[in-house]
Amino acid sequence: MDPAGQMCKHFPVMETALIDSFSRRIEYLRVSVTDRCELRCSYCIPKGFTGFEEPGHWLTFDEIERVVRAFTQLGVRRVRLTGGEPLSRGKLPDLAARLVHLAGLHDLSISTNGTRLRRLALPLRRAGVARLNVSLDSLNPERFAEITGGGRLDQVLDGLMAAKEAGFEPVKINMVAMKGVNDGEIGDMVDFCIRHDFTLRLIETMPMGATGRDATERYLNLQEVKRALQSRYELIPTMMAGGGPARYVRVGGTNLRIGFITPISQHFCATCNRVRLAVDGTIYTCLGQEHKLELRPLLRSGVSDEELKKAICRAVLLKPERHEFTTQPEKIVRFMSATGG
Ligand code: SAM
């Protein structure tokens, strides 16, 4: 019997654990519901790119629900919907409402660029989505447009207010910090987040695809940023529920928490607990490696639920020990939105 078969066989449903070859327990799944996005962030989708997945290859909501159910039966407890821009997929609140009812799922969250939140924040909240991460790299309208390839800052700010009104708590701001681009704005972003009670997460650029590699020319080591912030604020180490790989501090005298996501300066592969499901049904086991397993052919050839779970176990066993972003930055040709960031 193959190792994946054994792993699935010896654990009764609901007591299963997805353990990879390096003894890491996989309990977090990121689900990309589209690889498309109307923004063209300088470090993500290249300008003029047209090679998106055909709609016929997108997993349907039935297929996504089936795969997520299989993952939850294997011990996954947290799911994040992402993309591309997940809110551009029609009827997303319907999918969210289906997923929150899956037994074993404790937390459903979404990463979004925020442009459609004014219309969708309340329906998503009502569907049971617990938490939102919103990308925001600049508070300056011109710079925001430049970084995002034409995005409108006012739309995203309005979307953030809609998320607050809808009761999302916390709302986390994801800021990719880039030297010479927006590093001068980190202090403003801290003040903005204190004012609005948002959580701030600073992210180092990763060399994913040609755009990601170009962006690493503007790579900013967040250890330096942390030291600079320490000279201005008291930073108290803290934990945050659903914090994932971010290392959090609280800013003394405020409620603000700042997370540092440092895949390059201080990688966190040893505690990586996640895999990703791309819109075409491919399971990617690492952002910075090619190890993957395609589920769509299985799903569309009438695979049984047990076979599907065995395939997921096999995929998890493919998960490599770590990324090689620093030693082999040329390695990953797919950009972030193709995997599901
Ligand atoms: N559209 C949604 C959003 O804006 O959050 C979800 C998808 S987006 C690909 C998810 C996150 O990946 C965003 O916070 C984005 O800034 C980040 N990202 C994309 N490419 C990146 C790169 N090369 N390095 C670091 N972060 C990247």
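One table, with the values for the structure above:
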{"read-out": "Criterion violated by Val176 - all others in (1) surrounded by fewer than 16 Cβ atoms within 10 Å (Cβ to Cβ); (2) within 29 Å of Arg334 (Cβ to Cβ); (3) of a type in the set (Val, Ile, Thr) satisfied", "value": "(1)"}
{"read-out": "Pairs with Cβ under 7 Å, 6+ apart, first in the range 209-231 and outside any helix (DSSP H, G or I), second open to solvent by 20 Å² or more (accessible area, probe 1.4 Å)", "value": "Tyr219/Lys179; Tyr219/Ile264; Leu220/Lys179; Leu220/Asp183; Asn221/Ser265"}
{"read-out": "Matching residues, the range 197-229, being in contact with a strand residue (DSSP E or B) (Cβ under 9 Å, 6 or more places away or on another chain), over 24 Å from Met336 (Cβ atoms) and open to solvent by 40 Å² or more (accessible area, probe 1.4 Å)", "value": "Asp197"}
{"read-out": "Strands (runs of 3 or more DSSP E) contained in the range 72-137 and holding at least 2 residues farther than 23 Å from Arg24 by Cβ and open to solvent by less than 30 Å² (accessible area, probe 1.4 Å)", "value": "107-112, 131-135"}
{"read-out": "Test result for Val156, open to solvent by less than 20 Å² (accessible area, probe 1.4 Å), touching a helix residue (DSSP H, G or I) at 6+ places or on another chain (Cβ under 9 Å) and outside any strand (DSSP E or B)", "value": "yes"}
{"read-out": "Selection within the range 159-173 - of a type outside the set (Lys, Arg), under 27 Å from Tyr233 (Cα atoms), open to solvent by 20 Å² or more (accessible area, probe 1.4 Å) and at pLDDT 95 or above", "value": "Met161"}
{"read-out": "Meets criteria (open to solvent by 10 Å² or more (accessible area, probe 1.4 Å), within 16 Å of the ligand (Cβ to nearest atom) and more than 19 Å from Val31 (Cβ to Cβ)) for Arg143", "value": "yes"}
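One line per residue, one yes/no per condition, for (1) among the small types (Gly, Ala, Ser); (2) crowded, with 20+ Cβ neighbours inside 10 Å:
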position	(1), (2)
Ala241	yes, no
Arg247	no, no
Cys272	no, yes
Leu277	no, yes
Asp280	no, no
Ile283	no, yes
Gly288	yes, yes
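The values are calculated or read from the model by the stated rules, or taken from the named source; none is laboratory data. Predicted model, so just to flag it, every value in this text is computed and none were measured. Note: ideal-geometry Cβ built from the backbone for every residue, glycine included; neighbour counts use all protein chains shown. Accessible surface areas use protein heavy atoms only, side chains included; no ligands, DNA or RNA. Shrake-Rupley method; radii C 1.70, N 1.55, O 1.52, S 1.80 Å.
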